[in-house]
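Participant: This is the structure, below, for whatever I ask next.
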Amino acid sequence: MFKSSNPKVCIVGGGPAGLAAAIALKRIGCAVVVVDCAVPPIDKACGEGLMPDALLALKQLGIDVPDRVGFPFRGIRFADRHSSVCAEFPSGLARGVRRTFLHDLLIQHATSLGISLIWNAKHVQLQPGGISLGSRFLHADLIVGADGQNSQIRRQSGLDEVTGERRRYGFRRHYRIAPWSSYMELHWGPKSQIYVTPVGPDEVCLAVMSRDSKLRLEDALSDFPELQNHLTSAERVSSEMGAPSMSRSLRSVFRENLALIGDASGSVDAITGEGICVSIKQAHALAASVASGNLGTYQQFHRKLMKRPQQMASLMLILERSGQLQRRTLAGLAQNPAIFRSLLAIHVGAGRFADLWSRQLLGFGGAFLAA
């Protein structure tokens, strides 16, 4: 596919997805340059939880998240006003990490590998054989679009044919308070969900998700008395930041010498907490495709990587359609925590839907009907 054994790669987008791709491609011998219109530190509204499989994917890039960064948590807790259920990860601890800290770790590692980083890049355009930055031209054998949900590279390349899309909205803020739980918590309410991630010994991140673009975190909290009680005297230590949460699938994520990665290549609802993990795994898949000399295999890898998060997102978002369904489901899970443990194992890639044995599902069905 490439004339040289060390092809030149230009990655448009210097967020976690773009930097992960840069590192993965550099490790197989590519000459890599990353361009981004922003200047670090680059923040984004997200839940800031790195699941065990995300930490493993980072480790495979050569990145160990230091113990001094973030805060560990051992599992997931679901709760509403009536029920609560929790489960531990089957494969080690997760870690809550501020988005800006994670970005800095990736930048440091990319720089240590000799990857060229160009910030504040304006007027980026696809050109035959590379990209232009105003009057400057960068030759590239491979171009990677990692420029987010509103990707200009996706639009310019003609890869913007959407096969499915669902939009919700998220708003995030940090509070100065010691984590009250060793779990990441997902609280279910009548109009929204709020998830709580410990990101430091004295700091938690709260993010609200809903279909209402006008529903802000402070307003949503009125439906969550348990969280209000925890936050009574907590200091706000960041401004509220919001962003659309897209569930989006594309017809194709590559064409000739161009590939898309991260949110530019499609995304799953933020309720899964899988965005960063999926992006890092896509980076590994892209590097494997380039190393094989067949970029077309990236499409197959990409679809496989997106399948499980999309299934989990669809499963969880069914619950927001009906308050009664939500209440009965959480009550059933609370009475059958083995089902919740199996679902969590599936969520982090340590299990399969086939692992939900019929005897478990029959037990859950009885509890569901009785709730």
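Participant: For Val144, Val32, Val85, Val268, which order do you get if you count the other beta carbons within 10 Å of each Cβ and list the fewest first?
Facilitator: Ascending number of Cβ neighbours within 10 Å: Val85, Val268, Val32, Val144.
Participant: Shifting gears a bit: What is the dipole size for the chain, taken about its Cα centre, with +1 at each Lys and Arg Cβ and -1 at each Asp and Glu Cβ, in debye to the nearest 20?
Facilitator: Charge dipole of the chain: 720 debye, to the nearest 20.
Participant: Go ahead and set up a Gaussian network model of the chain, Cα springs under 10 Å, then flag whichever of Ala121, Ala354, Ala17 fluctuates most.
Facilitator: Looking only at Ala121, Ala354, Ala17, the biggest GNM fluctuation is shown by Ala354.
Participant: So what J values fall out for the stretch 314-323 if you push phi through Karplus, 6.51 cos²θ - 1.76 cosθ + 1.60 with θ = phi - 60°, rounded to Hz, Gly and Pro as x?
Facilitator: With coefficients 6.51, -1.76 and 1.60, one gets 4, 4, 6, 6, 4, 5, 7, 6, 8, x Hz.
Participant: Would you please classify the overall shape of the stretch 1-160 from the alpha carbon gyration tensor, given that a ≥ b ≥ c denote the square roots of the eigenvalues, rounded means a/c under 1.5, and beyond that prolate means a/b larger than b/c while oblate covers the rest?
Facilitator: Note, shape of the stretch 1-160 comes out prolate.
Participant: Additional query: Using a ≥ b ≥ c from the Cα gyration tensor of the stretch 73-128 (square roots of the eigenvalues), is it rounded, prolate or oblate, where a/c under 1.5 gives rounded and otherwise the larger of a/b and b/c decides, a/b for prolate?
Facilitator: Judged from the Cα gyration tensor, the stretch 73-128 comes out prolate (a/c at least 1.5, a/b above b/c).
Participant: Using a Förster distance of 51 angstrom, determine the FRET efficiency expected from the C-beta separation of Ser233 and Asp64, and round it to 0.05.
Facilitator: The value I calculate is 0.90.
Participant: Still on this structure: Springs between alpha-carbon pairs under 10 angstrom, Gaussian network model over the chain: which of Pro190, Pro201, Pro66 fluctuates most?
Facilitator: Evaluated over the chain, the most mobile residue of the options is Pro66.
Participant: Between the DSSP loop rule and a limit of at most 16 other Cβ atoms within 10 Å, which GluC sites (Glu not before Pro) in the stretch 179-250 are left?
Facilitator: Glu240
Participant: Identify, among Ala285, Tyr195, Tyr183, the residue whose Cα sits farthest towards the positive end of the charge dipole of the chain, taking +1 on the Cβ of Lys and Arg and -1 on the Cβ of Asp and Glu, with the dipole about the Cα centre.
Facilitator: Among Ala285, Tyr195, Tyr183, the one farthest towards the positive end of the dipole of the chain is Ala285.
Participant: Another question about this same structure. What does DSSP give for the chain in terms of the percent of beta bridges that are antiparallel, rounded to the nearest 5?
Facilitator: 70 percent
Participant: Loop only per DSSP, at most 12 neighbouring Cβ atoms within 10 Å: give me the trypsin sites (Lys or Arg not before Pro) in the stretch 146-222, ordered by residue number.
Facilitator: Lys214
Participant: Out of Asn120, Phe254, Ser265, whose Cα points farthest toward the positive end of the dipole of the chain (charges: +1 Lys, Arg; -1 Asp, Glu; placed on Cβ)?
Facilitator: Positive-end residue among those listed: Phe254.
Participant: Distance between the C-alpha centers of the stretch 99-165 and the stretch 261-331? Whole Å please.
Facilitator: Between the Cα centre of the stretch 99-165 and that of the stretch 261-331, the gap is 21 Å.
Participant: Which GluC sites (Glu not before Pro) does the stretch 64-167 hold that lie in a coil by DSSP with at most 14 other beta carbons within 10 Å?
Facilitator: Glu161
Participant: If we count every other residue with Cβ under 14 angstrom of Ser84's Cβ, Lys/Arg +1 and Asp/Glu -1, where does the sum land?
Facilitator: Counting the neighbours of Ser84, the net charge comes to 0.
Participant: Further question: If the elastic network links every pair of Cα atoms under 10 Å, which of Ala22, Ala45, Ala178 fluctuates the most in the Gaussian network model of the chain?
Facilitator: Fluctuation is largest for Ala178.
Participant: Still on this structure, I have one more. Classify the chain: rounded, prolate or oblate, from the alpha-carbon gyration tensor (a ≥ b ≥ c, eigenvalue square roots; a/c under 1.5 rounded; otherwise prolate if a/b is larger than b/c)?
Facilitator: Cα axes put the chain in the prolate bin.
Participant: Ok, one more. What list do you get for Ile11, Ile143 if you sort them by fewest beta carbons within 10 Å?
Facilitator: Ile143, Ile11
Participant: Determine, for Thr163, Thr272, the number of other Cβ atoms within 10 Å of each Cβ, and report the residues in order from fewest to most.
Facilitator: Neighbour counts put them in this order, fewest first: Thr163, Thr272.
Participant: To continue, here is another question. Determine the relative contact order of the stretch 194-340: mean sequence separation of Cα pairs under 8 Å and six or more apart, normalised by residue count, in whole percent.
Facilitator: 14 percent
Participant: Same structure, new question: Do any of Lys191/Lys304; Lys59/Lys122; Lys44/Lys214; Lys26/Lys122; Lys44/Lys191 go past 26 Å between their Cα atoms, and which?
Facilitator: Checking Cα-Cα distances, Lys191/Lys304; Lys59/Lys122 exceed 26 Å.
Participant: Please compute the Kirkwood hydrodynamic radius of the stretch 221-293 from all pairs of different C-alpha atoms, in Å with one decimal.
Facilitator: 15.6 Å
Throughout, read-outs are computed from the coordinates displayed, never taken from laboratory work. Computed from a predicted structure; not experimentally measured. Please note: Cβ atoms are built from the backbone with ideal geometry, for glycine as well, and neighbour counts cover all protein chains shown.
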